[in-house]
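Every number in this text was worked out from the coordinates using simple rules, so none of it is lab data. What you are looking at is a predicted structure, and each value in this text was computed from that prediction instead of being measured. With ideal geometry, Cβ positions are generated from the backbone for all residues, glycine too; neighbour counts draw on all protein chains shown.
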């Protein structure tokens, strides 16, 4: 019978060059770094004063709001168009009114220009792709104003919900 030449597993500790650390040392260093980051975040949240929470006078500036338009009919939808002007829809809960573009800068600054006829809208959005308008009407329809100014009724939301394609959401009665 021949002798077994079994070699013991090498002892990793013998081969360290001095730059490596054992698992325990690595874990202690990670915990230390995480602890320092956590304490730094906590101190920055507590130590940095927030103007909203501080209240009172802020360096001589008083909080204020500026009324841009008056005599609107139940305005609700707000958007910003490609020219960075404000788009306001009207008629959410009252009489229909035209969609207005309020010039925030440029030669017409401070003026409102109607871009539709009187229309009862709940919300409005402007496409960043082609600067066309999208809106939800008080009749729960989705409308799209094309580049040429024409308005298309894209979707009858209550009609769509009658088919109830969502197998989980079964509102009774269906919500528009």
Are any of the residues in the stretch 96-109 over 19 Å from residue 74 (Cβ atoms), touching a strand residue (DSSP E or B) at 6+ places or on another chain (Cβ under 6 Å) and part of a strand (DSSP E or B)? no
Which count do you get for residues in the stretch 70-87 that are part of a loop (DSSP other than H, G, I, E, B) and under 13 Å from residue 104 (Cα atoms)? 5
Filter the strands (runs of 3 or more DSSP E) completely within the stretch 131-176 down to those with at least 2 residues that are touching a helix residue (DSSP H, G or I) at 6+ places or on another chain (Cβ under 9 Å). 141-145
Looking at (1) in contact (Cβ under 8 Å) with a residue 40 or more places away in the chain; (2) more than 18 Å from residue 149 (Cβ to Cβ), which is the one condition that is false for residue 121? (2)
Among the residues of the stretch 145-158, write down those that are in contact with a strand residue (DSSP E or B) (Cβ under 6 Å, 6 or more places away or on another chain) and surrounded by fewer than 16 Cβ atoms within 10 Å (Cβ to Cβ). 152, 153, 154, 155, 156
